[in-house]
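Working notes, beginning with the structure itself.
The values are calculated or read from the model by the stated rules, or taken from the named source; none is laboratory data. Here the structure is a predicted model, which is why all the values come from computation and not from measurement. So basically every Cβ, Gly included, is an ideal-geometry build from the backbone, and we count neighbours across all protein chains shown. In case anyone asks, the SASA skips ligands and DNA or RNA and just uses the protein heavy atoms, side chains included. Shrake-Rupley method; radii C 1.70, N 1.55, O 1.52, S 1.80 Å.
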Amino acid sequence: MTKFLNNKLFHFLYFFLFLNCPILPVNSSSALAAWELKTNGVLELRTKSNTNLKAYFQKANNKYGDRFWVDFPGELKNPRLIKGNGPIKEIRLGKPSIGKTRLVIEFREETYLSPLTWRMVGLDQNRWRIKLFEPKYTFNRIGEGFVQKRIGNLKTNQNSSFIKKRSYDYLQLPNVQKNKYSVVIDPGHGGLDPGAIGIRGIRETDVVLEVSKIVKKLLTEKGVKVRLTRKNEVDLDLPPRVSFANNTDADIFVSIHANASRGKRRDINGLETYYFKGWRGRLLAKKIQKQILRVSPGSPDRGVKQGRFYVIKNTRMPAVLVEIGFLTGRLDARRLEKTAHRKRIAYAITKGILEYLSKAG
Ligand SMILES: [Zn+2]
């Protein structure tokens, strides 16, 4: 019992930031390439591309002050300790276990921190930023290596970030009244029309069909009636998709697509959601866009936009078309080729739909 209480008092916060990517082999070198803690309290990291990061925070105990640490795959060559200043007691780089690297930032006792508001933001596929303390503290920068400056002016996805605590909150889908709502999900393309073809031949039709089927499963579990415009690889023109939807009593229509950039530029990534008109369509688009961004750290927010796509223009219920990433983009494609990420996207779309239904359905 005492142990349990102690654990409770421990205030152990666990953040987990994941990107689906191969985990580096144990004998590889550290994925941490450079880091810098700046005078404004922002920690910036540069890693190998598409690294799995895990970040943790632990309240002070008898032995240590408040600590924030990030674990990286790959083994650190030279464990070392760097003396802090201002609010920072010390920074340690170590290998907590074989094949791992850990960057620990230990704070001085009197430092005020608000870890619940911390957000790790992916700047691109190999750079990360998190604000740890307020600039009211005098602090001289500490860092090793060169954390490259941002190139270009893409609006970075600021919402996405840490999925907080052990229970990933995106897995907690809101409840809606059972057997009340009906939704049509439209997996784009199909059959002879594969849609976008991306890096390593990844096909839009396959990605969006799998995502759509998971969305259907999740919504069905919540007591929402779901119809798919196609269940397999069939070539389905746009008008039949619309008439199918219009002949149902569906409350909403959600068309799921993945993007391709002109010239197949690998540096173009991002998510966007379209609606045709009306506040309901716009609200649905906003809810979905917000959620898909949360599971796609580092991928740019291309926004909620008005679009005149056939399927959203001609359906008579609130309708949106969601683009879940660029199959031609290095960052998005790497994720979308994995079922784990398709599941996350499906959870996110489902969450957006349920939030919409509970508010406006
Ligand atoms: Zn498409």
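Among all positions in the stretch 52-59, there is at least one residue which is at pLDDT below 90, more than 30 Å from Ala340 (Cα to Cα) and out of contact with any Lys or Arg (no Cβ under 7 Å at 6 or more places or on another chain).
Give the stretch 221-252 a look and list any residue that's open to solvent by less than 60 Å² (accessible area, probe 1.4 Å), within 15 Å of the ligand (Cβ to nearest atom) and either part of a loop (DSSP other than H, G, I, E, B) or more than 19 Å from Glu210 (Cβ to Cβ) (or both), or say none. Scanning the stretch 221-252 gives Thr229, Arg230, Leu236. Among residues that are of a type outside the set (A, V, I, L, M, F, W, C), surrounded by fewer than 23 Cβ atoms within 10 Å (Cβ to Cβ) and either in a helix (DSSP H, G or I) or touching a helix residue (DSSP H, G or I) at 6+ places or on another chain (Cβ under 9 Å) (or both), Lys286 is included.
Taking Thr339, is it hydroxyl-bearing (Ser, Thr, Tyr), modelled with pLDDT under 95 and under 17 Å from Ser212 (Cα atoms)? Against the criterion (hydroxyl-bearing (Ser, Thr, Tyr), modelled with pLDDT under 95 and under 17 Å from Ser212 (Cα atoms)), Thr339 qualifies.
Restricting to the stretch 43-59, and then to whatever is out of contact with any Phe, Trp or Tyr (no Cβ under 8 Å at 6 or more places or on another chain) and closer than 15 Å to Pro297 by Cβ, can you tell me which residue is surrounded by the fewest Cβ atoms within 10 Å (Cβ to Cβ)?
From the stretch 43-59, those out of contact with any Phe, Trp or Tyr (no Cβ under 8 Å at 6 or more places or on another chain) are 48-50; that's our starting set.
The next check asks that each one be closer than 15 Å to Pro297 by Cβ; those that pass are 49-50.
Details: Ser49: 15, Asn50: 17.
The selected residue is Ser49.
Conditions (1) over 15 Å from Thr39 (Cβ atoms); (2) assigned to a loop (DSSP other than H, G, I, E, B); (3) of a type outside the set (Val, Ile, Thr); (4) open to solvent by 80 Å² or more (accessible area, probe 1.4 Å), marked per residue:
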residue: Thr101; (1), (2), (3), (4): yes, no, no, no
residue: Val104; (1), (2), (3), (4): yes, no, no, no
residue: Glu110; (1), (2), (3), (4): yes, yes, yes, yes
residue: Arg119; (1), (2), (3), (4): yes, yes, yes, yes
residue: Leu123; (1), (2), (3), (4): yes, no, yes, no
residue: Arg129; (1), (2), (3), (4): no, no, yes, no
residue: Phe133; (1), (2), (3), (4): no, yes, yes, no
residue: Lys136; (1), (2), (3), (4): no, yes, yes, yes
residue: Asn140; (1), (2), (3), (4): no, yes, yes, yes
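Say whether the condition of being under 26 Å from Arg316 (Cβ atoms) and out of contact with any helix residue (DSSP H, G or I) (no Cβ under 8 Å at 6 or more places or on another chain) is met by at least one residue in the stretch 258-271. For the stretch 258-271, residues under 26 Å from Arg316 (Cβ atoms) and out of contact with any helix residue (DSSP H, G or I) (no Cβ under 8 Å at 6 or more places or on another chain): absent. If you go through the stretch 194-215 and pick out every residue that is more than 13 Å from Glu337 (Cβ to Cβ) and open to solvent by 20 Å² or more (accessible area, probe 1.4 Å), you end up with 4.
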